[in-house]
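Structure, as structure tokens:
The values are calculated or read from the model by the stated rules, or taken from the named source; none is laboratory data. Note that this is a predicted model, so its numbers are computed, not measured. Using ideal geometry, Cβ is built from the backbone for each residue, glycine included, and neighbour counts are taken over all protein chains shown.
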Amino acid sequence: MDLSAGVIVTQQAQKVIEELESKRTTELFTFIENRDEKGKIKEFLVEQAQEAIAKAYIASENLNYIIMVAPRFSEIAQNRLLKLLEEPPKNKAFILITESKSALLDTIQSRMPVTVLNDSQEEKSLNLDLENLNLAKVYEFLQENTRVSAVECKALVEKISLNAIKSRSFDLDKSLLDMFSNAIKALEVGSPTTFVLNGVLLKLLSKKKK
């Protein structure tokens, strides 16, 4: 991986950052992220886009890479960044690190080279006894998975659905199958992972055979 402007699609942002750091010589790095109170990186919003724009116009003698890191960039934020990415100020270059190419606007992809890394992390173990599912197990599972990324959460939902079907412990009607599909769609548009997992498990619990 070269140190150059562009979009990097990865499931291991920290590893990519460390690799970029190893290639730095005289270049400067400025990181822009949106973190919650627990330190988890969240969706890149218009506020972060405004911060990137402001920092891009701070003069620097050396090349300064402004590195924006987020599992997903909101559409409004991407639109706000378009002109900046198309016409970078002197001695400024931009790197976007994100989890999904499909969430990037075509206009962003047309302005910057996109590198997709095949570095998916090992599938997260479900660690949930569906056959004996109850509210206590739901709560414990949610506590264990409060910090999963959207990609990891999607894998969990898919595994929950497959295991639920195999267990034959639930009334698998159309509403339940639609719920699994809608949960995946919700994650793809940025819904909170804990909210999605909670909805999936409570719905599943309501369909448990007596």
Check: Is the range 138-155 home to any residue that is in contact (Cβ under 8 Å) with a residue 12 or more places away in the chain, in contact with a Leu (Cβ under 6 Å, 6 or more places away or on another chain) and among the aromatic types (Phe, Trp, Tyr)?
Finding: yes
Margin query: Anything in the range 185-194 that is over 11 Å from Val151 (Cβ atoms) and hydrophobic (A, V, I, L, M, F, W, C)? List them, or say none.
Written below: Ala186, Val189
Next item on the list: Within the range 76-92, identify whether any single residue is outside any loop (DSSP other than H, G, I, E, B) and either under 20 Å from Val148 (Cβ atoms) or of a type in the set (S, T, N, Q) (or both), and answer yes or no.
Entry: yes
Item checked: Selection status of Ser60, closer than 30 Å to Asn145 by Cα, part of a loop (DSSP other than H, G, I, E, B) and not assigned by TED's automatic domain parsing to the domain that holds Thr194 -> no
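So that you can scan it fast, the table gives a plain yes or no per residue for (1) basic (Lys, Arg); (2) outside the structural domain of Asn134 (by TED's automatic domain parsing); (3) out of contact with any Cys (no Cβ under 7 Å at 6 or more places or on another chain); (4) outside any helix (DSSP H, G or I):
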position: Cys153; (1), (2), (3), (4): no, no, yes, no
position: Leu156; (1), (2), (3), (4): no, no, yes, no
position: Lys159; (1), (2), (3), (4): yes, no, yes, no
position: Ala164; (1), (2), (3), (4): no, no, yes, no
position: Ser175; (1), (2), (3), (4): no, no, yes, no
position: Ser181; (1), (2), (3), (4): no, no, yes, no
position: Ile184; (1), (2), (3), (4): no, no, yes, no
position: Leu187; (1), (2), (3), (4): no, no, no, no
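Condition check ((1) more than 15 Å from the chain's Cα centre (by Cα); (2) surrounded by 13 or more Cβ atoms within 10 Å (Cβ to Cβ)) across all residues:
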| site | (1), (2) |
| --- | --- |
| Glu27 | yes, yes |
| Lys42 | no, yes |
| Ala54 | yes, no |
| Glu61 | yes, no |
| Phe73 | no, yes |
Note to self: Residues that are assigned to a helix (DSSP H, G or I), assigned by TED's automatic domain parsing to the domain that holds Val69 and not aromatic (Phe, Trp, Tyr): does the range 110-125 have at least one?
What the structure shows: yes
Check: When only residues in the range 63-75 that are part of a loop (DSSP other than H, G, I, E, B) and among the hydrophobic types (A, V, I, L, M, F, W, C) count, which is nearest to Ser4 (Cα to Cα)?
Finding: Leu63
Margin query: Can you find a residue that is under 19 Å from the mean Cα position of the chain (by Cα), on the phi < 0 side of the Ramachandran plot and surrounded by fewer than 17 Cβ atoms within 10 Å (Cβ to Cβ) anywhere in the range 164-180?
Written below: no
Notebook entry, point to check: Which pairs have Cβ atoms under 6 Å, sit 6 or more apart or on different chains, and link a residue in the range 183-194 that is touching a residue at least 24 places away in the same chain (Cβ under 8 Å) to one that is surrounded by fewer than 20 Cβ atoms within 10 Å (Cβ to Cβ) and not in a helix (DSSP H, G or I)?
Noted result: Gly190/Glu43; Thr193/Val148; Thr194/Thr146
Next item on the list: Find the residue count for the range 139-155, including only residues that are modelled with pLDDT of 90 or more and surrounded by 17 or more Cβ atoms within 10 Å (Cβ to Cβ).
Entry: 1
Item checked: Those residues of the range 93-109 which are among the polar types (S, T, N, Q) and either assigned to a loop (DSSP other than H, G, I, E, B) or surrounded by fewer than 16 Cβ atoms within 10 Å (Cβ to Cβ) (or both), in sequence order -> Ser100, Ser102, Thr107, Gln109
